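I have placed the structure first, in the form of C-alpha cells, so that the comments after it can refer back to it.
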Amino acid sequence: MQALITLIIKAFFMNFISINTDILTNYWEYISTVLRDYSPRLFSAALLFLIGWWTIKFIKKIIVGIMTKREMEPTLSKFLADILIWTLKILLFVTVISRLGVENSSFVAIIGAAGLAIGLSLQGSLSNFAGGVLIIMFKPFKVGDFIEAQGVSGTVKQIQIFVTQLATVDNQTIFVPNGSLSNGTIINYSFATTRRADLTIGISYGSDIKKAKEIALNVMMAHPMVLKDPAPMVLVRELADSSINLAVRPWAKIEDFFVMRSDILEQIKTSFDTNGIEIPFPQRDVHIKS
C-alpha cells in the first residue's frame, strides 16, 4: 500500500513538473519572439531619445547665450527658454512613443485638449504675458521712465512678465496689467531728454499785454534751468471771459522740469505784482436794494 502511494505521488510531481516546464518554455518562446521583433524598435527609440535629449540641451545653451548677448530681460528670457525646452521635450516624447509602435494620434489629441483648456482658463494671464513680451521687445518705456497710462502716472520701477510696477510722486506703488498697458495709450515723459512746460497765465483786460509778455520772457531767460535752445516763448493764447490768457512755454531738461515749472510760476506772479500787472480771479459783486 505504501509503495502504491509513493508511486502515485511521484507520478503527480513528474506530471506537474512536465506541465510547468511546457508553460515556461512557451513563455520563453513568446518573450524571445517579442524581443527579436521589437529589439530594433527599442534600440532605435533609445538612440533617438539620447540624441534628442542631447540636442535639446544644446539648443537651450544656444538660446540662453543669444538672449544674454541681446541683453533681454532675465525673467522673460528664462520663461521663453523654459517654454521652448518643454515644447521640444513633449515632441521628443511623442516621437519616441510613435517609434515604439504606439499610435501618437491619441497623445496629440490629449495635448491639444489640455492646451485648449489651459488657454481658456488662463486667458487673462496669457494676455498680460503677451503684453509683457511686447513691452520688453519694443520698449515703449524702460525702468526709470516717468509714464502716464491707464489713468495713472508714475516712475517705472520694474517690468515683470504679467504686470508693470509704477511708483507715484507721493510714493505709492501701482501694479498695471501688461495686457491693458500694451493695448492702451502710453505717454512717456522721459523718452526725450528735454520737455516743455505749457503754462497758461491770465492777466486782466486793463493790463499792458506787451509789458506782461516782456516780464514773463525776462523771468524765463534769467532762470538757470530754462534752456536757451529751444528758446522760451510767450504768446497770447485766448481772450477769455474775464482775462487775457498768455501761453508761457519754457523748456528744461527732464531732471529739472518740475523744479523749473514751479519756479517760473512763482517768479512770474511776483514780477507781475511788482510791476502792477493784475492776475484776475473769480469774484462776484452783490448789490442790495432797500
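For Phe258, state whether it is among the aromatic types (Phe, Trp, Tyr) and within 36 Å of the chain's Cα centre (by Cα).
On the way: among the aromatic types (Phe, Trp, Tyr): yes; within 36 Å of the chain's Cα centre (by Cα): yes.
Yes, satisfied.
Exactly one condition in (1) more than 12 Å from Val219 (Cβ to Cβ); (2) out of contact with any helix residue (DSSP H, G or I) (no Cβ under 8 Å at 6 or more places or on another chain); (3) surrounded by 12 or more Cβ atoms within 10 Å (Cβ to Cβ) is false for Lys289; which is it?
It is condition (3) that Lys289 fails.
In this structure, does Ser242 turn out to be part of a loop (DSSP other than H, G, I, E, B), closer than 30 Å to Met72 by Cβ and either touching a strand residue (DSSP E or B) at 6+ places or on another chain (Cβ under 7 Å) or open to solvent by 60 Å² or more (accessible area, probe 1.4 Å) (or both)?
Details: part of a loop (DSSP other than H, G, I, E, B): yes; closer than 30 Å to Met72 by Cβ: no; either touching a strand residue (DSSP E or B) at 6+ places or on another chain (Cβ under 7 Å) or open to solvent by 60 Å² or more (accessible area, probe 1.4 Å) (or both): yes.
Considered against the rule, which asks whether it is part of a loop (DSSP other than H, G, I, E, B), closer than 30 Å to Met72 by Cβ and either touching a strand residue (DSSP E or B) at 6+ places or on another chain (Cβ under 7 Å) or open to solvent by 60 Å² or more (accessible area, probe 1.4 Å) (or both), Ser242 comes out as no.
Here are some conditions: (1) without any contact (Cβ under 8 Å) to a residue 12 or more places away in the chain; (2) within 14 Å of Ala197 (Cβ to Cβ). Asp273 meets all but one. Which one does it not meet?
Exception for Asp273: condition (2).
Can you pull out every residue in the stretch 247-270 that is of a type in the set (D, E, K, R) and over 14 Å from Leu199 (Cα atoms)?
The initial filter retains those residues of the stretch 247-270 that are of a type in the set (D, E, K, R), namely 249, 253, 255-256, 261, 263, 266, 269.
Lys253, Glu255, Asp256 - these are the residues of the stretch 247-270 that are of a type in the set (D, E, K, R) and over 14 Å from Leu199 (Cα atoms).
Just one of the numbered conditions (1) closer than 19 Å to Glu266 by Cα; (2) touching a helix residue (DSSP H, G or I) at 6+ places or on another chain (Cβ under 7 Å) is not true of Phe162; which one?
The failed condition is (1).
Would you be able to say whether some residue in the stretch 244-253 is more than 44 Å from the chain's Cα centre (by Cα) and more than 30 Å from Ile136 (Cα to Cα)? Full working, then the answer.
Going residue by residue through the stretch 244-253, those that are more than 44 Å from the chain's Cα centre (by Cα) are 244.
Now restrict to residues that are more than 30 Å from Ile136 (Cα to Cα): 244.
Yes, some residue in the stretch 244-253 is more than 44 Å from the chain's Cα centre (by Cα) and more than 30 Å from Ile136 (Cα to Cα).
The values are calculated or read from the model by the stated rules, or taken from the named source; none is laboratory data. None of these values were measured; they are calculated from a predicted model. All Cβ positions, glycine included, derive from the backbone under ideal geometry; neighbour counts span all protein chains shown. Remember, those area values only see protein heavy atoms, side chains included, never the ligands or the DNA or RNA. Shrake-Rupley method; radii C 1.70, N 1.55, O 1.52, S 1.80 Å.
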